[in-house]
Amino acid sequence: MRKWLFCLVPFFSSAGAQVDSAFFKKVFDEALLNGHAYARLGELCKTIGPRLSGSLEAEKAVQWGKTMLGTYGFDSVYLQPVMVPKWERGAQEGLWFSSKTFSRSIRSKKPVDYNCEAFESRPLKPSGKYQIPGVALGGSVGTNGMLKAGLVSIHKDIELDSLGKLGLLKGKVVLLNRPFPEQYLNTFKAYGACVGQRVNGASKAAMYGAVAVLVRSMSNRCDLHPHTGVMIYDEKQPKIPAMAVATAVANLLDRLATEDSGLQVHLQLNCKMYPDVMSANVIAQHKGNAFPERIIAFGGHFDSWDQGEGAHDDGAGCMHAFEALRLLKQIGYKPRHTLRCVWWMNEENGLRGATEYAKIAGANKEIHVAALESDRGGFTPRGFGVDSVFLANLENYRNLLNSYGIGDIEKGGGGADIGPLKKYFPGAVFVGFIPDSQRYFDVHHAETDVFENVNKRELHLGAAAVAVMIAILDQQLD
Ligand SMILES: [Zn+2]
């Protein structure tokens, strides 16, 4: 389905002549026949792996990125220093449940997903202590030894308040268990509906005397992989430990909590926050011919969580941007503006890289005419979210975009990393790259976000889509 929210006949500058059907074909042919993004992403994921801000791996990745980009003959490649937070998981955390009255009869009567069947049908002894998958949320405090308490499962924010006011959360571990609304076609909308319980849930539960929270993983999929992600404490409340639990585990604990009064959960988290450390944004650029002082920035975030390899989130977005710059250079495109690929550091737990980038750009009067972000994974490209002021300019390219399957244009462009630029360059055009969303939250922030789960053709199609959109912006803007 194509979504065209505009029907104006736009002004079409003669400068647009470089970007036609032959240009699209050259870009896509080069990406599909000779793409570099997949191989470079493989190096990043397999030689370095996850790149949590402030970690040794993030530092290695920065050096790798600078060296790798330096081999492509771009006009300049440089690092932009930035201080970032450093949070460490510490020794592997653990989560268990135990119950004296537990029996197999509490198993789900509903059909369970295939992924969960092995877990659901596992033989369970009546008085055992069972380890279940869980990982600390980013930013959580540790438990300072083993923490053991009864569990209360919450499905809506309103229950948290009603049970809390009755004093029923005091001394308990609270399971924040609101699932993704499956009826939403766009999984990012489902994420938006639930992510608040991960980010702010610990402090809300602490306000009612809870001693820890378990948070249902932000995923559509029923499986045994916990998904981490940032959580933020309200300084006015006690800081209690926060842990993500796999969706299948959340389902099981939910039933246990209602049917088994003897249920206890045991958790041990060893995480800790350290002083900030120096890191860097990684930047490569090509100088423009007509307006070298005017910049089109595009990129993704280079940091990742410490689970998996940060392959889709956001190694893919970084590779889209690098490959777009390479593709345009390779086919001999002469940019009018300076094209700048940016790998922002620390999107996941601080946004320091993007904030610093925008601040420096503003202070140095590096005029940004447009910014594009790719942070939705390396899946099949569908289109773009675009600021409404630029929609009419895309009308000329409607047929071409449609013929390459990237014609789903939504009003409203942006992303976390390009957001801070709006303050300094409110007149710039902001664009978000939009790939298919159905599988993103299968792997997002989980141990399954690995290179093997990235498809080469999908990644390269995404890079080509970013390249043609950058060229369109370059042609249509002054
Ligand atoms: Zn991301």
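The values are calculated or read from the model by the stated rules, or taken from the named source; none is laboratory data. Model, not experiment: these values are computed from the prediction. Because the Cβ atoms are built from the backbone with ideal geometry, glycine has one as well, and the counts that use them run over all protein chains shown. Just so you know, the surface numbers come from the protein's heavy atoms only, side chains and all, with ligands and any DNA or RNA stripped out. Shrake-Rupley method; radii C 1.70, N 1.55, O 1.52, S 1.80 Å.
Within the range 402-415, which residues are more than 16 Å from the ligand (Cβ to nearest atom) and not in a helix (DSSP H, G or I)?
Result: Tyr404, Gly405, Ile406, Gly407, Asp408, Ile409, Glu410, Lys411, Gly412, Gly413.
Is it the case that the range 331-338 has a residue that's within 16 Å of the ligand (Cβ to nearest atom), at pLDDT 95 or above, crowded, with 20+ Cβ neighbours inside 10 Å and in the same structural domain as His444 (by TED's automatic domain parsing)?
No.
Does Ala248 satisfy being over 24 Å from Pro50 (Cβ atoms), open to solvent by less than 30 Å² (accessible area, probe 1.4 Å) and either of a type outside the set (S, T, N, Q) or part of a helix (DSSP H, G or I) (or both)?
no
Can you find even one residue in the range 256-279 that is touching a Phe, Trp or Tyr at 6+ places or on another chain (Cβ under 8 Å), within 23 Å of Val230 (Cβ to Cβ), within 14 Å of the ligand (Cβ to nearest atom) and open to solvent by 10 Å² or more (accessible area, probe 1.4 Å)?
Scanning the range 256-279, I find no residue that is touching a Phe, Trp or Tyr at 6+ places or on another chain (Cβ under 8 Å), within 23 Å of Val230 (Cβ to Cβ), within 14 Å of the ligand (Cβ to nearest atom) and open to solvent by 10 Å² or more (accessible area, probe 1.4 Å), so the answer is no.
Report the residue count in the range 187-220 for those that are among the charged types (D, E, K, R) and either open to solvent by less than 10 Å² (accessible area, probe 1.4 Å) or closer than 21 Å to Gln264 by Cα (or both).
Residues meeting the conditions: 1.
Look through Leu176, Leu169 and report the one residue that is surrounded by 17 or more Cβ atoms within 10 Å (Cβ to Cβ) and farther than 28 Å from Glu88 by Cα.
None of the others qualify; the one that does is Leu169.
Give the residues of the range 394-410 that are open to solvent by 30 Å² or more (accessible area, probe 1.4 Å) and farther than 17 Å from Arg376 by Cβ, sorted by residue number.
Glu395, Asn396, Arg398, Asn399, Leu400, Asn402, Ser403, Tyr404
Could you please let me know if Ile283 is surrounded by fewer than 23 Cβ atoms within 10 Å (Cβ to Cβ), of a type in the set (A, V, I, L, M, F, W, C), within 30 Å of Met469 (Cα to Cα) and within 24 Å of the chain's Cα centre (by Cα)?
Yes; evaluated as a whole, the condition is true for this residue.
For residues that are over 22 Å from Pro435 (Cβ atoms) and not β-branched (Val, Ile, Thr), tally how many sit in the range 313-339.
Residues flagged as over 22 Å from Pro435 (Cβ atoms) and not β-branched (Val, Ile, Thr) within the range 313-339 amount to 8.
Here's the yes/no breakdown for (1) open to solvent by less than 70 Å² (accessible area, probe 1.4 Å); (2) modelled with pLDDT of 95 or more; (3) within 28 Å of the chain's Cα centre (by Cα):
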{"site": "Phe12", "(1), (2), (3)": "no, no, no"}
{"site": "Gly16", "(1), (2), (3)": "yes, no, no"}
{"site": "Ala37", "(1), (2), (3)": "yes, yes, yes"}
{"site": "Gly49", "(1), (2), (3)": "yes, yes, yes"}
{"site": "Ser55", "(1), (2), (3)": "yes, yes, yes"}
{"site": "Ala61", "(1), (2), (3)": "yes, yes, yes"}
{"site": "Leu69", "(1), (2), (3)": "yes, yes, yes"}
{"site": "Ser76", "(1), (2), (3)": "yes, yes, yes"}
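Would a scan of the range 461-476 turn up a residue that is open to solvent by 10 Å² or more (accessible area, probe 1.4 Å) and more than 23 Å from Glu309 (Cα to Cα)?
yes
If you go through the range 107-120 one residue at a time, do you hit one that is under 18 Å from Leu253 (Cβ atoms), modelled with pLDDT of 85 or more and outside the structural domain of Gly300 (by TED's automatic domain parsing)?
There is no residue in the range 107-120 that is under 18 Å from Leu253 (Cβ atoms), modelled with pLDDT of 85 or more and outside the structural domain of Gly300 (by TED's automatic domain parsing).
Considering the range 416-440 alone, what residues qualify as being open to solvent by less than 30 Å² (accessible area, probe 1.4 Å), in a loop (DSSP other than H, G, I, E, B) and within 19 Å of Ala316 (Cα to Cα)?
Scanning the range 416-440 gives Asp417, Ile418, Ser437.
Restricted to the range 361-392, and to residues that are open to solvent by 10 Å² or more (accessible area, probe 1.4 Å), polar (S, T, N, Q) and modelled with pLDDT of 95 or more, which residue is nearest to Glu309 (Cα to Cα)?
Residue satisfying both the conditions and the ranking: Thr380.
With respect to Ala136, determine if the residue is touching a helix residue (DSSP H, G or I) at 6+ places or on another chain (Cβ under 8 Å), closer than 23 Å to Gly350 by Cα and at pLDDT 95 or above.
no
I need the full set of residues from the range 188-205 which are without any contact (Cβ under 8 Å) to a residue 60 or more places away in the chain and more than 16 Å from the chain's Cα centre (by Cα), in order please.
Result: Gln197, Asn200, Gly201, Ser203, Lys204, Ala205.
The rows are residues; the columns are (1) in contact with a helix residue (DSSP H, G or I) (Cβ under 7 Å, 6 or more places away or on another chain); (2) part of a helix (DSSP H, G or I); (3) modelled with pLDDT under 95.
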site	(1), (2), (3)
Val213	yes, no, no
His227	no, no, no
Ile232	yes, no, no
Asp254	no, yes, yes
Ala257	no, yes, yes
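Considering each of Ala316, Ala354, Ala358 in turn, give the residue that is away from the ligand (no atom under 16 Å from the Cβ), open to solvent by less than 10 Å² (accessible area, probe 1.4 Å) and within 29 Å of Met231 (Cα to Cα).
Only one candidate qualifies: Ala358.
Would you call Asn453 within 16 Å of the ligand (Cβ to nearest atom) and assigned by TED's automatic domain parsing to the domain that holds His320?
The answer is yes for Asn453.
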